[in-house]
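S.K.: For reference, the structure I am asking about is given below.
Throughout, read-outs are computed from the coordinates displayed, never taken from laboratory work. Quantities reported herein were computed from a predicted structural model and do not represent experimental measurements. Positions of Cβ are backbone-derived with ideal geometry, glycine not excepted, and every protein chain shown enters the neighbour counts.
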Amino acid sequence: MLCELPIQENVPRETFLKLKQYQAILLKWQKAVNLISHKDIDQVWHRHVLDSLQLIDYLQPGSILDIGSGGGFPGMVLAIATKHTVSLVDSDQKKCIFLEEVKSELKLANLKICNTRIENLNIAEKFQNITARAFSSLQKTLQLSTPLLNPLGQYLFFKGSSYKQELEEALSIYKFGYEVIESRTDKSGVILRMKYKADGQAN
């Protein structure tokens with residue numbers, strides 16, 4: 001199980017303090033807005049912050065689109081911990097107000113928040129990295145977001161133990177190569193790294 005110390009050593013102190021500030025704001029808002037599961041309140045750092053930080057090792061240079069951001073995982077964490085331009089998309093107005101509050105408090109100039117459904121997102125940009133965590137089935141997520149992915153970009157999706165079935169269903173329709181990365185914070189979880197197939201190879 002990961003603890004705070006390794007993360008303190010691996011990110012600048014200013015980043016660590018901002019992540020802690022974000023956690024404090026989230027717990028304050030949680031009393032009025034359901035941002036995370038109530039069973040996770042006592043393990044926000046491990047279950048959500050450290051979980052999200054795993055993606056830093058796999059990001060490609062360029063912009064990030066986080067779908068169904070909710071309380072901000074993983075997109076808000078990535079905006080705090082990296083210099084990437086990050087767009088968070090969520091249809092819940094209260095959650096977006098919370099995200100705007102965090103953006104303002106932490107002075108995150110690299111962050112954009114879009115209060116809309118992903119299928120209604122009116123944006124011409126093609127993103128280099130598209131992330132999602134507890135959003136929808138893999139097939140549905142690909143259906144809604146593939147038009148927004150740069151052809152040379154990638155998906156980074158958090159998935160649980162049923163990921164194999166979701167992969168099989170999605171890849172019967174969409175032609176993506178993929179890599180399965182074991183989660184360092186959840187024994188039953190994985191990160192799916194997916195890219196357009198260019199030559200029939202998986203990666």
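S.K.: Which fully enclosed helices (runs of 4 or more DSSP H) of the stretch 1-95 have 2 or more residues being of a type in the set (Gly, Ala, Ser), under 19 Å from Glu105 (Cβ atoms) and in contact with an Asp or Glu (Cβ under 9 Å, 6 or more places away or on another chain)?
M.R.: Working: elements: 4-10, 13-30, 75-81.
Helices (runs of 4 or more DSSP H) meeting the threshold: 75-81.
S.K.: Please find, among Leu55, Leu111, Leu106, Leu88, the residue that is under 12 Å from the mean Cα position of the chain (by Cα) and within 23 Å of Asn10 (Cα to Cα).
M.R.: Values: Leu111 fails: under 12 Å from the mean Cα position of the chain (by Cα); Leu106 fails: under 12 Å from the mean Cα position of the chain (by Cα); Leu88 fails: within 23 Å of Asn10 (Cα to Cα).
Only one candidate passes the filter, namely Leu55.
S.K.: Name the strands (runs of 3 or more DSSP E) wholly within the stretch 101-203 that hold at least 2 residues that are surrounded by fewer than 16 Cβ atoms within 10 Å (Cβ to Cβ) and touching a strand residue (DSSP E or B) at 6+ places or on another chain (Cβ under 8 Å)? Outline the logic, then answer.
M.R.: Numbers: elements: 111-115, 127-133, 149-159, 176-182, 190-196.
Hits in the stretch 101-203: 149-159, 176-182.
S.K.: Being of a type in the set (Asp, Glu) and either touching a residue at least 60 places away in the same chain (Cβ under 8 Å) or in contact with a helix residue (DSSP H, G or I) (Cβ under 8 Å, 6 or more places away or on another chain) (or both): is that true of Asp40 here?
M.R.: Values: of a type in the set (Asp, Glu): yes; either touching a residue at least 60 places away in the same chain (Cβ under 8 Å) or in contact with a helix residue (DSSP H, G or I) (Cβ under 8 Å, 6 or more places away or on another chain) (or both): yes.
Judged against the criteria, Asp40 is a match.
S.K.: Can you tell me how many residues within the stretch 73-95 are within 23 Å of Lys126 (Cβ to Cβ) and either surrounded by fewer than 22 Cβ atoms within 10 Å (Cβ to Cβ) or touching a residue at least 60 places away in the same chain (Cβ under 8 Å) (or both)?
M.R.: Counting residues in the stretch 73-95 that are within 23 Å of Lys126 (Cβ to Cβ) and either surrounded by fewer than 22 Cβ atoms within 10 Å (Cβ to Cβ) or touching a residue at least 60 places away in the same chain (Cβ under 8 Å) (or both) gives 6.
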